[in-house]
Amino acid sequence: MRKIFTTVIFASMMMLAMNVSAITPLPDQGVYRIKNVYSGTYVKLQSNYLADITATSYDEASPLLVWYGERDENGEALLTNLSGDGGDMIETLEFIKGLIEDVLVYNNQPTWFLEEMFQLHLVPTGDADGSVFLCVDVPEIENWETIRDIILEAAAGQTAVTYYISHMVPGNRHYMGIDYDGSFGYRLQAGTPEGTDIKFLMERESLEGGYCFVKTASATAEAPYLRRVHEKSSTVDLASPHNDASAVFDLAVNDIKVTRLAVQGLDLAPLAQAAGGYLALCPTNTAAQKFVYDAYAFKLQLPDEDVDAAAVVAAAKAALGEDSEIAAALESHIDLIKNRAALYIVHSDQGGVSVAGDANYAAYGDNAKWKLEKIDTDANYFAPAAEVEADGKYYTTLYAAFPFTIVNTGNVVAYDVMQILDGGKPFMEPIETTTIPALTPVLLEMTTNVDADNMLMPVHDSNAQGIGMMAETQQSMLEGTLFDDNTTYTGPTMLTLHEGLTFAADASLEFMPANKAWVNKDINTAISKIGNDDASGDDTIYDLMGRKVINPTHGIYIKNGKKVVF
């Protein structure tokens, strides 16, 4: 039992910390493996109630989720979570405190001191290595000897409780350190040699980024997925993520600090940097979840000094737009924007995005947690939704903010539209690549109307070659938009996709739909410059530049004044 209790205390130490003013900062909240400076060994969870410092390598150590509350003026913080596969140490500590409280109440003894006595402080040592202390403060307690003896008698045989209580000296701070048997012990001051046995190093486990869908963890939310279809806002929507390009997020993290959180060309990470802080992606797992990281908190950590709340709101509006839900939430909670504060992105009961501070974060429950569905499997992917059907095939236009690869080239082919023929039929040129660059409007042809068969995978490929493979004078007539509120429909020069695989004007539109492409009739293409006057009438074949071709390959050509496809 001694190891049980000491494990719980140590667990609280693991919680993420923010930068501390004037002193070496605490480590950020996140997942760590913890090493004792003196012994060089790591914390290892043996079971729900047993931990020691006997793991001899990083790989043998237990990954622990460390979380803590707001730091005080000394840069210290109270641990609120320290959990791993073996259990939640803070919950265990609360359990032991409850047992002692029951004993004292039964014996008509005071219990007011237990709350402080069982709170774990995470304290920076001030050393350049970023090490930390784990401390427990015991207040002055009248009749301590009597109270101690009652507890020890009731806890006879429970080593963790008896060890802890017998070593506590009221009115003192106690440091957790390593004992001779590799378990946790307590010191009134620095141990030996030179106090290194009470110093701990927290070695971070980095999180993984990539393309993903982001949804609230609330099971009752009617609008779970974050997406962006307006030019200057992020909204929560009921969009089906499989066929909605506006819900694809590009996430990059350095440890837990978010360096990129981009959707529809808008990166949210610089907002935190503009405020002098950073955006963090923090796991919110309990021990039962086995560190699969199926839920996270998005936290905007503000700096230690010189936070101008009005400037933060202004920066949010400049980055996200005047109608941004996040910017509006920051403005309505401007009192939360202050030095050292943490603001959490939450899903409000009204169905939108809001912010919460440390004090009310927990009250949001699953509405303050987000699930990341990484787009890299058969279960999580991006797929185009068919708009029209023609001759047994399905078609749609697509304009995405990210490069993507066609997974099943037997089902999906990407085309450029080179000319509109009689009846609005498109004259199409296949794109000779399976990877389509970002911001490239395409016409997609699909053999089925099943999302899984038409899978597209976003990729990080800045060198993707697609439409650039064609001559400049053979440019596509397609143009696209990412948003449903920034491209006004201007009349018959803008042709949209219609049934029967035709492009025609649509006077009913006010704006072009998000992530869609249209034909711009004002674009002149090389093929339109070659007509019957240029034809020899002797079956000579010309390319789209008007040059004679002896052995045509796959593509569009001119023969006897007519456009033909080989």
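Overview of values
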read-out: Tally, over region 98-125, of residues that are among the hydroxyl-bearing types (S, T, Y) and surrounded by 13 or more Cβ atoms within 10 Å (Cβ to Cβ); value: 2
read-out: Looking only at region 431-486, and only at residues there that are among the hydroxyl-bearing types (S, T, Y), under 23 Å from D522 (Cβ atoms) and more than 30 Å from the chain's Cα centre (by Cα), the one that is modelled with the lowest pLDDT; value: T473
read-out: Wholly enclosed strands (runs of 3 or more DSSP E) of region 403-443 bearing at least 2 residues among the aliphatic types (A, V, I, L, M); value: 412-420
read-out: Every pair of residues 6+ apart whose Cβ atoms lie under 6 Å, when the first sits in region 358-369 and is under 8 Å from V346 (Cα atoms) while the second is in a helix (DSSP H, G or I); value: A368/Y361
read-out: Conditions (1) among the aliphatic types (A, V, I, L, M); (2) assigned to a loop (DSSP other than H, G, I, E, B); (3) not assigned by TED's automatic domain parsing to the domain that holds V132: number failed by V169; value: (3)
read-out: Every residue from region 35-54 that is touching a helix residue (DSSP H, G or I) at 6+ places or on another chain (Cβ under 7 Å), β-branched (V, I, T) and crowded, with 24+ Cβ neighbours inside 10 Å; value: V43
read-out: V312 vs. criteria of a type in the set (V, I, T) and at pLDDT 90 or above; value: no
read-out: Extreme residue, nearest to T502 (Cα to Cα), among residues of region 407-418 that are touching a strand residue (DSSP E or B) at 6+ places or on another chain (Cβ under 8 Å) and surrounded by fewer than 21 Cβ atoms within 10 Å (Cβ to Cβ); value: Y415
read-out: Number of the exception - T235 against (1) within 23 Å of D378 (Cα to Cα); (2) surrounded by 19 or more Cβ atoms within 10 Å (Cβ to Cβ); value: (1)
read-out: Some residue of region 362-371 being part of a loop (DSSP other than H, G, I, E, B), within 19 Å of the chain's Cα centre (by Cα) and more than 30 Å from H498 (Cα to Cα); value: yes
read-out: Failed item in (1) outside the structural domain of L281 (by TED's automatic domain parsing); (2) within 25 Å of P63 (Cβ to Cβ), with V161 passing the rest; value: (2)
read-out: Verdict on N339 being part of a loop (DSSP other than H, G, I, E, B), in contact (Cβ under 8 Å) with a residue 24 or more places away in the chain and not assigned by TED's automatic domain parsing to the domain that holds S218; value: no
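The values are calculated or read from the model by the stated rules, or taken from the named source; none is laboratory data. Note that the coordinates shown come from a computational prediction; the quantities given were computed from them, not determined experimentally. With ideal geometry, Cβ positions are generated from the backbone for all residues, glycine too; neighbour counts draw on all protein chains shown.
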